[in-house]
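The values are calculated or read from the model by the stated rules, or taken from the named source; none is laboratory data. It should be emphasised that the depicted structure is a prediction, and the values quoted were computed from it without experimental measurement. Note that we place each Cβ from the backbone using ideal geometry, even for glycine, and neighbour counts take in every protein chain shown. All accessible areas refer to the heavy atoms of the entire protein, side chains included, with ligands and DNA or RNA removed. Shrake-Rupley method; radii C 1.70, N 1.55, O 1.52, S 1.80 Å.
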Amino acid sequence: MMGTYRALRGLNARLQLLFLITLVFRMGTMAFPFYAAYLIHQHAVSAGTAGLLVGVYGAGALFVDLIIGGVIKRFSANRVILGSLLLNAVLLLIIPSVDNTVVLFVLSFLWGGCYEAFTPATFSETVAHSSSESRKVAFSCNRLAINIGMAIGPLLGSLIFLSNADAVFYLNAALSLVAFIACLWFGRTVPVTQGAGVASKGNGLPESAMHERSRLLVILLAALPVHIAYALPPTFLSAYIINYTELPAYYVGIIFFINALLVILFEVPINQRMSHLSSSRSLVAGFLMAGVGFFLMGFSHIGALLLAATVLWSLGEMVVFPGITHYVSSISSRHTVDRNLGYYSAGVNIGVMITPPLAFMLMSQPSLPSPWLLAGTVLLLFAVAVGVMKGSAVLWNKEA
């Protein structure tokens, strides 16, 4: 904890403000985890329609990820953050009063887009206000705010939802407004601290542009199985433990608790210790830990092994996600970094959208491998692939 505290104190004022805003905003993530249940019980829509509305929310998030680079370039990352917080609050205040299904589809799409715009915009702010040497730790601190907020928000939402479902939306909106006011008020007084920027490849040379595109394609392809694998715990784990194993249901809570505790306590210190390592070495180590962890999750009949596996894929998570965002920023020019980080964020939503149906399809066919075993195997293969590709200047930035 002291290492994490020192890392947060070591951030410049802009990044400390960003940490606070992110923490408050993510603590407000109460409505979406209960959106399907809310639609079914409060708006009397069918389960199928509720599922489609949740899917449309994801589609809105994915659409924004694909266009966010141009939006940030035109309006600035800080204004996108302000707009995301304000519009998110407005939509949360409107949705409980709407009964028309068509209007709900439109609002769900807009809500997903407004919520998602916050993430790549904070990535852009992190890049702009950190040096290349401190960026991996800065991304870790950003993830720390997300994880603490996401641990608190849904828990509070679950306590409030049973007594007053509408209040979940209103409290979520209130916290978005608190984050908006903090960003607007303190953003004027906190000095702008310009970091070292991004890689200086944006010099218009065709070869540099070609290398950036090929390197970006490689890292996005490597990140996709990561997003799919790490979508398994939040979207599939509870159903897996309850329906496909003989373990008691409380194992779900234990696994989530272990993951959250490890990430909150150790992610920032680990990335401080690994800041001297190249991105390729960090990612190979992260892929290996994640791959072994997810592979062992396939042995569901041994509860202790599941817990040990959780420790491994949690350690992999702490290394891989800051490592990828840091690498994407390092291979990008100042003109493309926002777009490229948006593409990276799109991969997160793609993973969430395709993982549940893929996992249940695999479990329905005894002849097919477990989704855990398959995810672990693919991640281990990508660890080997990154180790091989780092020797190519076209496919990998050797300096990163």
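Brief remarks follow.
- Listed peptides 94-104, 161-171 by packing density, highest first (mean Cβ within 10 Å): 161-171, 94-104
- Counted residue by residue at 0.36 nm each, then reduced by the alpha carbon distance between them, the extension gain from residue 367 to residue 16 reaches 121.3 nm.
- Unit charges at the beta carbon, dipole of the chain: most positive-side option, 336, 223, 173: 336
- Net charge of Cβ neighbours under 15 Å - reference residue 149; Lys, Arg +1; Asp, Glu -1: +1
- With R₀ fixed at 35 Å, the C-beta to C-beta distance from residue 106 to residue 133 puts the FRET efficiency at about 0.20.
- In this simple spin-label approximation, residue 265 and residue 305 carry label points 7 Å from Cα along the Cα→Cβ vector, and these lie 2.5 nm apart.
- Pairwise centroid distance, computed over Cα atoms, of the range 86-129 with the range 308-341, Å: 24
- The range 1-77: C-alpha gyration tensor shape, a/c 1.5 cut-off, then a/b vs b/c: oblate
- Cα gyration tensor category, rounded, prolate or oblate, for the range 308-363 with a/c compared to 1.5: oblate
- Accessible-area composition of the chain, carbon plus sulfur, in percent [1.4 Å probe]: 70
- Tensor-based shape of the range 275-400 (alpha-carbon gyration tensor, a/c under 1.5 rounded, otherwise prolate or oblate): prolate
- Only helices enter this figure: runs of n ≥ 4 DSSP H residues, each worth -39500 (n - 2.57), summed and divided by the residues of the chain, yield -27500 deg cm²/dmol at 222 nm to the nearest 500.
- Scoring 273-283, 328-338, 133-143, 345-355 by mean Cβ neighbours within 10 Å over their residues and listing the highest first yields 133-143, 328-338, 345-355, 273-283.
- Taken per residue, the accessible surface of the range 1-79 reaches 47 Å², heavy atoms only and a 1.4 Å probe.
- Backbone phi angles across the range 29-46, fed through the Karplus curve with coefficients 6.51, -1.76 and 1.60 (θ = phi - 60°), yield HN-Hα couplings of 6, 10, 6, 4, x, 10, 4, 4, 4, 4, 4, 5, 8, 9, 10, 6, 8, 6 Hz in residue order; Gly and Pro are listed as x.
- Once the C-beta distance of residue 97 and residue 239 is scaled by a Förster radius of 41 Å, the resulting FRET efficiency is 0.80 to the nearest 0.05.
- Spin-label model distance (nm) - residue 217 vs residue 66, 7 Å beyond Cα toward Cβ: 1.8
- If you take all other residues with their beta carbon under 15 Å from the beta carbon of residue 109, and give Lys and Arg +1 and Asp and Glu -1, the sum is -2.
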